[in-house]
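Chemist: Sharing a structure below in structure tokens format, with a few things to ask.
The values are calculated or read from the model by the stated rules, or taken from the named source; none is laboratory data. Please read all numbers here as calculations on a predicted model, not as lab measurements. As a convention, Cβ positions derive from the backbone with ideal geometry for all residues, glycine included, and neighbour counts pool all protein chains shown. The protein model used for the area step is the full one, side chains on, heavy atoms only, and it has no ligands, DNA or RNA in it. Shrake-Rupley method; radii C 1.70, N 1.55, O 1.52, S 1.80 Å.
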Amino acid sequence: MTALARPTDGRMIGGVCAALARRFGTSATTMRVIFLLSCLLPGPQFLLYIALWILLPSEDRARTNAW
């Protein structure tokens, strides 16, 4: 498992699904499909996506803060 940070490559909108896919060892496409299917269920999925977009550091920013 890698650190949870939004990657600079492979992101479509905010990079949240790509970050989660890297963290859990799955493809970004699979994570995006899971997210889209979860939006059909009642709940705050879209708000959670926006919150993660704001809270997760970008990969380049996380790399510079590690030094």
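Chemist: Looking at the stretch 31-45 only, could you name the residues that are in a loop (DSSP other than H, G, I, E, B) and open to solvent by less than 80 Å² (accessible area, probe 1.4 Å)?
Modeler: Listed by number, the residues that qualify are Cys39, Gly43.
Chemist: What are the residues in the stretch 1-45 that are among the charged types (D, E, K, R) and either within 16 Å of Pro57 (Cβ to Cβ) or at pLDDT below 90 (or both), if any?
Modeler: Arg6, Asp9, Arg11, Arg22, Arg23
Chemist: Now for a different question. List pairs: first residue in the stretch 1-30 and open to solvent by 50 Å² or more (accessible area, probe 1.4 Å), second residue among the charged types (D, E, K, R) and not in a loop (DSSP other than H, G, I, E, B) anywhere in the structure, Cβ distance under 7 angstrom, at least six positions apart or on different chains.
Modeler: As it stands, the answer is Met1/Arg23; Thr2/Arg22; Thr2/Arg23; Leu4/Arg23; Thr8/Glu59; Thr8/Asp60, since those pairs meet every condition given.
Chemist: Give just the number: which of (1) in a helix (DSSP H, G or I); (2) among the aromatic types (Phe, Trp, Tyr); (3) modelled with pLDDT under 90 does Trp67 not satisfy?
Modeler: (1)
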